[in-house]
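For reference, the structure is listed below as structure tokens.
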Amino acid sequence: MDTKAQLSRRKQRILIIELLYQKDMGMTPEIPDIPFVQEALASIEIEQTLIDQIIEDVLVGYTLRRLSTVDRAILRLAVFELRNTQTPSEIILDEALHLTHIYTDMGDKKAVAFNNKVLDSILKVVKPAA
């Protein structure tokens with residue numbers, strides 16, 4: 001039986017993106033009782049100004065508001081995970097690009113390529129090479 005508490009990390013990420021999307025659209029989402037989801041949403045809300053500034057600082061020729069609501073959610077989640085979890089960076093970036101491919105890419109891989117470039121730049125800021 002696949003209860004919400006037993007969701008895979010990928011499914012939890014999808015849920016977080018859906019909830020971030022709802023918040024960005026002015027809705028009040030119902031937050032499920034899943035520790036990682038609750039922690040991510042609370043941290044992203046508390047740190048949203050900083051997270052958004054990190055994203056904005058690496059965008060070239062774009063503003064955060066120009067990105068799709070879903071891409072903003074994917075990038076915000078990736079920044080949260082890079083800053084606040086022990087998950088390897090490669091997994092975080094791979095998951096973010098996988099979600100981009102599913103939710104915002106139009107089949108031409110432009111959204112994936114764009115987010116990949118943004119995420120590479122974010123990684124250099126959040127976790128600079130030692």
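The values are calculated or read from the model by the stated rules, or taken from the named source; none is laboratory data. Source: prediction; values computed, not measured. Note that each Cβ is placed from the backbone with ideal geometry, even for glycine, and that neighbours are counted across all protein chains shown.
Arg72: buried (at least 16 other Cβ atoms within 10 Å of the Cβ), out of contact with any His (no Cβ under 6 Å at 6 or more places or on another chain) and not β-branched (Val, Ile, Thr), yes or no? Spelling it out, Arg72 is indeed buried (at least 16 other Cβ atoms within 10 Å of the Cβ), out of contact with any His (no Cβ under 6 Å at 6 or more places or on another chain) and not β-branched (Val, Ile, Thr).
Among the numbered conditions (1) modelled with pLDDT of 95 or more; (2) of a type in the set (A, V, I, L, M); (3) assigned to a helix (DSSP H, G or I), the only one that Met27 does not meet is (3). Within the stretch 83-130, the set of residues being within 22 Å of Lys11 (Cα to Cα) and among the hydrophobic types (A, V, I, L, M, F, W, C) comprises Ile91, Ile92, Leu93, Ala96, Leu97, Leu99, Ile102, Met106, Ala111, Val112, Leu119. Residues in the stretch 25-56 that are under 25 Å from His101 (Cβ atoms) and among the charged types (D, E, K, R): 2 in all. Within the option set Leu119, Leu50, Leu75, Leu97, being more than 22 Å from Leu7 (Cβ to Cβ), under 13 Å from the mean Cα position of the chain (by Cα) and at pLDDT 95 or above holds for one residue only, Leu119.
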